[in-house]
Amino acid sequence: MKKTLVAAALLGAFAGVAQAQTAVQIYGNIDVGMVKRTDQTLAIGKRASNTLGFKGTEDLGNGLKALFQVEMRYEPDTGTNENNGRPLFQGQTRVGLQGDFGMVRLGRGLTPFQEIVGSFEPWHGLPTQAGFYTDISVAGFNSAPLDVGGTSPNNNRISNAIFYNSPVANGFQVNASWASKEATGGGVTGIGAGAATYAAGAQASANPFSIAGTYNNGPAAAMLAYERNAVESKVWSVAGSFSVTPELKLMGTYSHQNMEHTNTQRPTIKGAEIGATYAVGPGKLLAGFGLKKQEENVRLHDLITRQYSLGYEYSLSKRTYLYVDASRKTNVFNQATGASSATPTVNHYDIGLNHSF
């Protein structure tokens, strides 16, 4: 009897230690609203990507931790995977180690450039049409052009990659990623004389990599980043923000993309955005103006898109807020061909509810 009691006590103690050393969290958000765009009917839509994820850490001792994160994206109005054709865990799938050396992870995730630049625009880097992240503040750069469906300008994650985050020292941090040349099913059609074309399933001609340096200290923050993708397009970007008062925050980005390997006619795209947020009680006002300019080698004319956006968020709690947005984008063009869009002027309106858990 005594041996049984001792064994039970030991098992209970070990179970308590294991529980203390290992932590797993289920998290996500659900965002649903009404969306109206030019030439489209009023529809159920979203402002933010809807996510469901699992992440956890295990204490390995001596300051070392193992960690993992898997995240799926879904459409709440239909229950399907985001955009139907994307992988189940397209958000990210990463496992790694963290210690005094920083953090090293392997798998799929946001590139350092894409992960950080969204912090410097008023809509928090959300993929909403009212914001600037997916098109203007990144100059339309595509981090994964050879992914299936890779012609969309919001491909900001890479697969088959290793990611590193340095420790933070006096507000400074360096983040980097590098990926293999593994084919992921998509293709890219070259534009202009001598431009490279990649058939569907073709291997990359370069190892994608991304590096970003950040500074965060009190009211000021800044970023400097450089990235090259699998088809040798390159982008560099500088961004900054400053909290003038506890209520008012100003921010801006500038990005410069070069696509001369695959588009010799219109290789250069520049994007710039300035914005502000202003807290009023439980609410927050959002405002911004952005430009995207594509320069042509033939110098017939440059293409310039302008965007004006306003938004408002009202917090019902720390995890739930209502939102409303309005934006106008003029002279929208096809980034590959330079042709004017079928709808060159787009007005966007949305109203909805966002809850995180």
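The values are calculated or read from the model by the stated rules, or taken from the named source; none is laboratory data. Because the structure is predicted, anything quoted here is derived from the model rather than measured. Ideal geometry is used to build each Cβ from the backbone, glycine not excepted, and the neighbour counts take in all protein chains shown. SASA here: full protein model, heavy atoms, side chains in, ligands and nucleic acids out. Shrake-Rupley method; radii C 1.70, N 1.55, O 1.52, S 1.80 Å.
I'd like to know if the stretch 309-317 contains one or more residues that are modelled with pLDDT under 95, open to solvent by less than 70 Å² (accessible area, probe 1.4 Å), assigned to a strand (DSSP E or B) and of a type in the set (D, E, K, R). Reasoning before the result, please.
If we filter the stretch 309-317 for residues that are modelled with pLDDT under 95, which is where we start, we get none.
No, the stretch 309-317 contains no residue that is modelled with pLDDT under 95, open to solvent by less than 70 Å² (accessible area, probe 1.4 Å), assigned to a strand (DSSP E or B) and of a type in the set (D, E, K, R).
Considering the stretch 334-348, the residues that are touching a residue at least 24 places away in the same chain (Cβ under 8 Å) and within 22 Å of the chain's Cα centre (by Cα) include one that is nearest to Lys46 (Cα to Cα), namely His348. Just one of the listed residues (Ala206, Ala222, Ala183) is free of Cβ contacts under 8 Å to residues at least 40 places away in the same chain, open to solvent by less than 60 Å² (accessible area, probe 1.4 Å), part of a strand (DSSP E or B) and among the aliphatic types (A, V, I, L, M), namely Ala222.
When Lys234, Lys249 are checked against the criterion of being of a type in the set (Lys, Arg) and in contact with a Ser or Thr (Cβ under 7 Å, 6 or more places away or on another chain), Lys249 stands alone in meeting it.
Read through the list (1) modelled with pLDDT of 95 or more; (2) crowded, with 17+ Cβ neighbours inside 10 Å; (3) of a type in the set (Ser, Thr, Tyr), then give the number of the only condition that Thr57 fails. Every condition holds for Thr57 apart from (2).
Just to verify a result, which residue in the stretch 233-271, among those that are in a loop (DSSP other than H, G, I, E, B) and open to solvent by 60 Å² or more (accessible area, probe 1.4 Å), is farthest from Arg306 (Cα to Cα)? Step through it out loud before you land on a result.
Just the residues of the stretch 233-271 that are in a loop (DSSP other than H, G, I, E, B), to begin with: 233, 244-247, 259-262, 264-267.
Filter again for open to solvent by 60 Å² or more (accessible area, probe 1.4 Å), leaving 244, 246-247, 260, 265.
Working: Val244: 26, Pro246: 30, Glu247: 27, Glu260: 24, Gln265: 22 Å.
Residue satisfying both the conditions and the ranking: Pro246.
Quick one: would you say Lys329 is crowded, with 22+ Cβ neighbours inside 10 Å, among the basic types (Lys, Arg), at pLDDT 95 or above and assigned to a strand (DSSP E or B)? Spell out how you get there, then give the answer.
On the way: crowded, with 22+ Cβ neighbours inside 10 Å: yes; among the basic types (Lys, Arg): yes; at pLDDT 95 or above: yes; assigned to a strand (DSSP E or B): yes.
When the stated conditions are applied, Lys329 passes them.
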